[in-house]
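Asker: Sharing a structure, written as structure tokens. Questions coming.
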Amino acid sequence: MASTGKPKVLMIAFGHPDNVLSLCKNITDVVNVSLVFVMSGSRFQQGILDVDISNLNFGLNTKENSLKIFPKVIQNYIGSNFNLRIIRTPNRKILRDKYFKNLRSIIKAALALRKENYDVVHFNGVSGFMYYFLISFGIKKKIWTLHDFLPHSGEENKKSFMVQKLLAKFDFHFIQHYKYLQKELTKEYKLQASKVFQVYSGRLDVFNVFEPKPINIDAKYLLFFGRISKYKGIDFLIDAFNNLSIIDNVKLVIAGKGELWFDKSVLNSNPNIVFINRYIETEELICLIKNSLFIVIPYSDATHSAAVVTSYAFDKPVIATNVGGISEVVIDKKTGILVNPGDIQNLKSAIEKLINEEKLRTEFESNIICYCNESEFSWSFIKNRMVKIYSDVINS
């Protein structure tokens, strides 16, 4: 363990910047953490980040060069709290890696990082590039936060999930954000229970450093946000909204990039549905969330949802379907309302209730603040849990 008494941790992230940056920021007083993002091509666009990486060197960049690509608010958020660097690769290809450019970029970076003598390496997210790290780094103590180990409806990629299962053979300890997923991963990958830890994600406070960019919605509204995909259930949400009892001047805003799988005419037929079908800038998303009445997460199936903890960053109540582990973070009738997946009447009733009962929305908002500050969802709890996990893995 590092001479400071803190675990010396290298976190290698393949995405999920909202979660990863919030986590590193909040554990840095008890963990000596270095964060390395692996990014490919000339632009990285995911979550809070939409950055031009074309001027970075291929391979491992210095902290100074890496930070230059981030918005000033993110640079200030990171400050000197933890060391952040970027590994840039030409593209994401493994099998058709021309002249082995990706392979050489990763292995050279891994060998440089190896000399820094970390107590444990924590992978966050998934990429085939993990294999390059594993064969060149000689990592003994390693943790993997695997966000999606089962496919969603309409996103079945057998090759991707086969790669994950193969990588899992490398004797990892795992972190899952839900107790439900802790059990499911243990069963699906036939793991020892002692190898799979559970720790919730705290509210994603990195969002709070941005200034909202106005998007004018000329009415009160409920909000769905995120990538558009079949399992997200927005067709059920639209049906429920179209069947609401008469409620004056309330709109439904659907904001996100992706292809619809149903007839778009159902959107155009209702002037109270606003569909913003593009990548939503972080500043725009913050404005949409802050000014909404509440958030709706109508997924037909899912393991979890980062949209919940993003909504909690702004104390917004959530109506969500009771799928996967969502019932662990949306506390029914405390921080939101749980409904049955695909049950349009159930969803309609919940929406009407939260629209009509301002006092209930205020009560939920107060409960969210309490849960995020004083429970297993609080960063103070999470950072102590992470120290314990790192120490257990180092000493195993």
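None of the figures in this text is laboratory data; all of them are computed from the coordinates on show. Because the structure is a prediction, the values reported are computed rather than measured. Every residue, glycine as well, gets a Cβ built from its backbone with ideal geometry; the counts of neighbours run over all protein chains shown.
Asker: Excluding N384 itself, what net charge comes from residues whose Cβ is under 12 Å from its Cβ, given Lys and Arg +1 and Asp and Glu -1?
Answerer: Charge balance in the 12 Å sphere: +1.
Asker: In 5 Å bins starting at 0, how do the alpha-carbon pair distances of the range 1-71 split up by percent?
Answerer: Pair shares across the bins are 3, 15, 24, 25, 16, 10, 5, 2.
Asker: Please compute the length gained on full extension between S349 and F170, using 0.36 nm multiplied by the number of residues separating them and subtracting their Cα-Cα distance.
Answerer: Gain on stretching S349 to F170: 59.7 nm.
Asker: Please tell me the relative contact order of the range 161-240 in percent, rounded to the nearest whole number, where contacts are Cα pairs under 8 Å and at least six residues apart.
Answerer: So the answer I get is 23 percent.
Asker: While we're here: If I take every Cα pair under 8 Å that is 6 or more residues apart in the chain, average their sequence separation and divide by the length, what percent do I get for the relative contact order?
Answerer: Across the chain, relative contact order equals 15 percent.
Asker: Stokes-Einstein D for the chain at 25 °C, 0.890 mPa s, Kirkwood Rh over Cα pairs, in µm²/s?
Answerer: 111
Asker: Going by how many other beta carbons lie within 10 Å of each one, how would you line up K72, K183, fewest first?
Answerer: Lowest count first: K72, K183.
Asker: Can you tell me, using C-alpha contacts under 8 Å and at least 6 residues apart, the relative contact order of the range 209-374 as a whole percent?
Answerer: The normalised contact order for the range 209-374 reaches 24 percent.
Asker: Now a separate question. With the cut-off at 26 Å, tell me which of the pairs K101/K230; K179/K264; K141/K187; K165/K383; K93/K165 have Cα atoms farther apart than that.
Answerer: Violating the 26 Å Cα-Cα cut-off are K101/K230; K179/K264; K165/K383.
Asker: Right, next: To check my understanding: the extent here is largest minus smallest coordinate of the Cα atoms along each principal axis. What are those three numbers for the range 209-374, in Å, largest first?
Answerer: Principal extents (Cα only, largest first): 45, 36, 33 Å.
Asker: Using only Cα atoms, tell me the angle between helix 158-167 and the longest principal axis of the chain; keep it within 0 to 90° and round to the nearest 10.
Answerer: Once rounded, one gets 40 degrees.
Asker: Another one. The range 162-201: Rg/Rh from Cα coordinates, Kirkwood Rh?
Answerer: Reported Rg/Rh, Kirkwood definition of Rh: 0.95.
Asker: Quick one: which residues, 5 or more positions from A13 or on another chain, have an amide H under 5 Å from its amide H? H modelled 1.01 Å from N in the peptide plane, none for Pro or chain starts.
Answerer: V36, F37, V38, N124
Asker: Still on this structure: Between Q75 and R104, what is the label-point separation in nm under the 7 Å Cα-to-beta-carbon projection?
Answerer: Inter-label distance under the simple model: 3.2 nm.
Asker: Among residues other than K98 whose Cβ falls under 14 Å from its Cβ, what is the net charge (Lys/Arg +1, Asp/Glu -1)?
Answerer: Result for the neighbourhood of K98: +4.
Asker: Turning to a different aspect of this structure: Any chance you could list the semi-axes, whole Å, largest first, of the equivalent ellipsoid that the Cα gyration tensor gives for the range 1-121, using √(5λ)?
Answerer: So the equivalent ellipsoid measures 24, 18, 11 Å along its semi-axes.
Asker: Gap in Å between the Cα centre of the range 346-385 and the Cα centre of the range 168-217?
Answerer: If you average the Cα positions of each part, the centres end up 19 Å apart.
Asker: Net charge within 14 Å of N373 by Cβ-Cβ distance, Lys/Arg positive one each and Asp/Glu negative one each, not counting N373 itself?
Answerer: -3
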